[in-house]
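Following: one structure in structure tokens, then a few remarks.
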Amino acid sequence: MNIPDNDVGVVAYGIKTGMITLDDDIIEVVKRTVEKNPDIIRDNDILCVTEAVVAITQHNVVTLNDVSGEIKSRLKLNEASTIGLIHPILSRNRFSMILKAIARTVPEGKVIIQLKFPDDEQGNPVIAKETLKKINKSFDDVITLNLIGKNRLIHPETGIDYISFYESVVKENGCDVEIFLANSVKHIINNEPDAIIVSNVHARQEYLEDILRSGYQNVITLQDICSDPEKEVYSDFGLLGSNVLDPVKEQLKLCPKDPDLVCEEIKKMINVEFNKNIEVIIYGDGAYKDPQTGIYELADPVSCFGSTAGIKNKNRIGVKTKYIMQKLYNEGKSKQEIERIIEEEKKKFIEKQEKQGFSAQGTTPRKIENLVSSLADLVSGSGDSNTPLVVVRGFV
């Protein structure tokens, strides 16, 4: 396909790199991939690298025993302790292995899990709204499993009863488990566990502060586990954004270390080796909400883990073409004049990052790195298309 650049807008495409393992170096992976076809990337492109392959090549991997040991130490638990978890998301690859490590911490004790309802933080349904009406419960209530009875919700996409699944994960490690549904932190506190782990992703700080304000002190978030920069393996986000890497060897992949630095190193290598000036991001989950299921794609703590300085914290501000066009058309301007004026307006927005004024009406300024990360994830990650590199062209 050979389409003139002037006839296309934003273009995004995935690049196959071949298998990437712990033996690889991400800079060399990008280099050898571009060497095969140097024209695959051009000046002013944004090269997007999925966070998973960066973390893997950094060996940023922990075992469940590592996680369990750190939890036990941080929270001063013994094998018969009771640990409370508030609002974990419903996910096999995101939380079930973490839950296994937590249960392993208290093999003779108990794990109490408080689930958010009617949906978890990512929009995964926990209880059907019809069931809530049937049992006459609302947002502020506590809902026990006995009260739900046989009205367990099967996840519409995975077909899993996550309550039963999480129960089985805990019981397989020998300890007792109690699961209930509630939205306020006071309910997990009222159960008087020896420690609490705030287990959601995006509202973690809010919940942590609410628990501390209540006077309860032995509480941490998932971000506080495996986040010590003094250790060889760590993430600034701790266990947030972690993924199952090997369920047999019980390995979890953490988020990548020093992501901004990795982006700058890739940019420098591309400039030196291929004489191209580009920007680079390391992306995770896209910030996408499915309009049918209501499930929010963003299970990572952020959509963009790192970027080069050229696009960091910069907005993409659109020009509302139809507004300007109609205004100028009503003033009697020709098509050629309208096109010229609109192009000039676009350049002003890029250079000055102006968010006010008539031309910007109807557009929402958003960070370039977040928009591009979501686009890259839709092209590559969400489709699991084995293209850990994505090129985005014409975006800035």
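The values are calculated or read from the model by the stated rules, or taken from the named source; none is laboratory data. In this text, all values refer to a predicted model and were calculated from it rather than measured experimentally. For neighbour counting, all protein chains shown are included, and Cβ atoms are generated from backbone atoms with ideal geometry for every residue, glycine included.
Of all residues assigned to region 206-218, none qualifies as being charged (D, E, K, R), in contact with a strand residue (DSSP E or B) (Cβ under 8 Å, 6 or more places away or on another chain), surrounded by 16 or more Cβ atoms within 10 Å (Cβ to Cβ) and at negative phi.
Which ones in region 172-215 are assigned to a helix (DSSP H, G or I) and touching an Asp or Glu at 6+ places or on another chain (Cβ under 8 Å)? Spell out the reasoning first.
Step one: of region 172-215, the residues assigned to a helix (DSSP H, G or I) are 185-190, 204-213.
V185 - this is the single residue of region 172-215 that is assigned to a helix (DSSP H, G or I) and touching an Asp or Glu at 6+ places or on another chain (Cβ under 8 Å).
Looking only at region 135-149, decide whether some residue is within 23 Å of T221 (Cβ to Cβ) and in contact with a Pro (Cβ under 8 Å, 6 or more places away or on another chain). No - not one qualifying residue is present in region 135-149. Within region 89-108, no residue satisfies the criterion of being of a type in the set (D, E) and within 17 Å of D120 (Cα to Cα). What residue, among those in region 57-88 that are buried (at least 22 other Cβ atoms within 10 Å of the Cβ) and among the β-branched types (V, I, T), is nearest to D120 (Cα to Cα)? Taking the candidates together, the pick is I86. Scan region 213-250 for residues that are under 16 Å from the mean Cα position of the chain (by Cα) and in contact (Cβ under 8 Å) with a residue 40 or more places away in the chain and the total you get is 10. If you check T63, T82 for being over 30 Å from P118 (Cα atoms) and touching an Asp or Glu at 6+ places or on another chain (Cβ under 8 Å), only one passes: T63. Is it the case that I266 is surrounded by 14 or more Cβ atoms within 10 Å (Cβ to Cβ), under 23 Å from the mean Cα position of the chain (by Cα) and not assigned by TED's automatic domain parsing to the domain that holds K100? Yes: the conditions hold for I266. Taking region 345-387 as the range and being among the β-branched types (V, I, T), in a loop (DSSP other than H, G, I, E, B) and modelled with pLDDT under 75 as the test, the residues that pass are T363, T364.
Entry remark, region 127-167: residues being free of Cβ contacts under 8 Å to residues at least 12 places away in the same chain and either surrounded by 13 or more Cβ atoms within 10 Å (Cβ to Cβ) or aliphatic (A, V, I, L, M) (or both) number 3 in total.
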